Structure formats: structure tokens, C-alpha cells
Amino acid sequence: MRMLLTRLAGVLVLTLSATACVAVGVAESQVDYPYYESQAALFDRADLVVEADLSPDSRVTLLKPDPPTGTDPAANPQAGVEPDAESVSGAMVITVYTARVVTVFKGEVRVGQSIEVKEMGGTLRGVRHEVAGAVPLSGGERYVLFLSTYPNAPASLLNPQQGQYRVDDSGTLSVVPGNELTLTRADLERLAAAG
């Protein structure tokens with residue numbers, strides 16, 4: 001009996017190990033983000049423009065829309081939906097980073113303050129959710145971020161290409177793939193002074 005239990009335990013461990021190595025599924029979304037023709041348009045649209053260090057860790061969660069109100073289907077597309085279905089309808093997988101502000105170019109934050117920044121996508125329940133054409137943020141890196149802010153939610157990139165500029169060890173900003181709008185520190189200082 002003892003040998004049988006030992007063998008069963010071994011089979012269970014091997015099964016769990018094999019399951020952990022199974023490839024993660026991928027779900028790709030198409031999202032239409034605004035495109036900005038100029039540095040000034042990007043800067044003007046942002047609520048917050050900061051240079052910040054992203055934490056190496058992030059959390060992936062499901063962002064649910066605000067509960068619908070009213071019974072008019074024109075004003076509330078979820079009118080009449082059962083409560084269980086309603087809680088999942090329109091939900092998005094997001095990754096949330098904590099960012100420590102290093103420099104403020106625009107907005108109501110202080111140097112040294114931590115803010116939360118979210119982006120669509122991430123791995124949740126064994127499925128990697130991606131946005132076509134998006135360049136995900138990398139934890140542990142420094143960025144200049146162009147953000148929209150919300151009262152009860154983390155800030156969001158204006159778009160996943162133009163809303164982020166990596167900052168290297170020398171302080172130079174670089175664009176991510178898909179972003180043709182170059183930006184320098186001098187550009188940021190000029191925009192902030194005019195702002």
C-alpha cells in the first residue's frame with residue numbers, strides 16, 4: 001500500500017510539472033488608439049507627463065466597466081442583462097505597474113511620488129492577452145510617460161507607442177517600435193515651459 005501511494009504521488013508530481021510547462025494561450029485584441037501628429041499635440045492631450053522608474057513587479061487583473069445605470073438601451077447598452085453576465089461584459093485584462101516619479105513635465109504629482117500606470121494586456125489565468133501593434137512596458141525600466149488620469153483607476157498611456165519613451169542610462173530618450181514621433185529632453189523642457 002505504501003509503495004502504491006508513493007507511485008501515485010510521483011505520478012501526480014510529474015503531471016503537475018508537465019501541466020506547468022504547457023504553452024500559454026494567446027488572445028490578441030485590436031484597439032484603435034488616437035494618433036498624435038506632433039509633440040505639442042501629444043503633450044497637450046496628456047493629463048500627466050513624467051519621467052518615472054517602473055517597479056520590476058506588476059500585477060495583472062481584470063478591469064471591469066462601471067456598473068450600468070438606467071433602463072434605456074440607447075443610453076445603457078447593458079440594460080436588461082442579467083447581473084452575472086453584466087459583471088464580465090466589457091471587462092479588459094490589464095497590467096498595472098507602480099511608477100516612482102523622477103521628473104514632472106506636466107501634471108499634479110511630485111518628484112518621489114508613486115503612481116499606478118496601467119496598460120491593456122498581460123497574462124491572466126493561463127492566457128496571454130496582447131494588443132496588436134502595442135509595445136508592452138518593461139518593469140524595472142525608466143520611461144517618459146504621457147498619461148491620461150482617472151479619479152478611481154490607474155493612469156493610462158495615451159497610446160502604447162507614442163505614450164512611452166525609454167530613457168537610457170545617459171538620459172537619452174528613445175522611441176519604441178511603431179512610434180515615428182521622436183522626442184528629446186530639450187523638447188520636453190520646451191513643451192513644459194510653453195504649457
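The values are calculated or read from the model by the stated rules, or taken from the named source; none is laboratory data. Note that the structure is a prediction, hence the values are computed from the model and not measured. Methodologically, a virtual Cβ is constructed for each residue, glycine included, from the backbone with ideal geometry; neighbour enumeration extends over all protein chains shown. In case anyone asks, the SASA skips ligands and DNA or RNA and just uses the protein heavy atoms, side chains included. Shrake-Rupley method; radii C 1.70, N 1.55, O 1.52, S 1.80 Å.
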Worksheet item: Taking the range 115-128 as the search range and keeping residues that are among the small types (G, A, S) and within 14 Å of R59 (Cβ to Cβ), which one is surrounded by the most Cβ atoms within 10 Å (Cβ to Cβ)?
Response: G121
Worksheet item: Residues of the range 129-171 being among the hydrophobic types (A, V, I, L, M, F, W, C) and either under 11 Å from the mean Cα position of the chain (by Cα) or crowded, with 16+ Cβ neighbours inside 10 Å (or both), which ones?
Response: V131, A134, V135, L137, V144, L145, F146, L147, A155, L157, L158, V167
Worksheet, complete the sentence: Here, strands (runs of 3 or more DSSP E) confined to the range 62-129 with at least 2 residues that are charged (D, E, K, R) and either modelled with pLDDT of 90 or more or more than 28 Å from A27 (Cα to Cα) (or both) are 92-106, 114-120
Worksheet item: Which of the residues that make up the range 22-51 are open to solvent by 40 Å² or more (accessible area, probe 1.4 Å) and in a loop (DSSP other than H, G, I, E, B)?
Response: V22, A23, V24, Q30, V31, D32, Y33, P34, Y35, E37, S38, D47
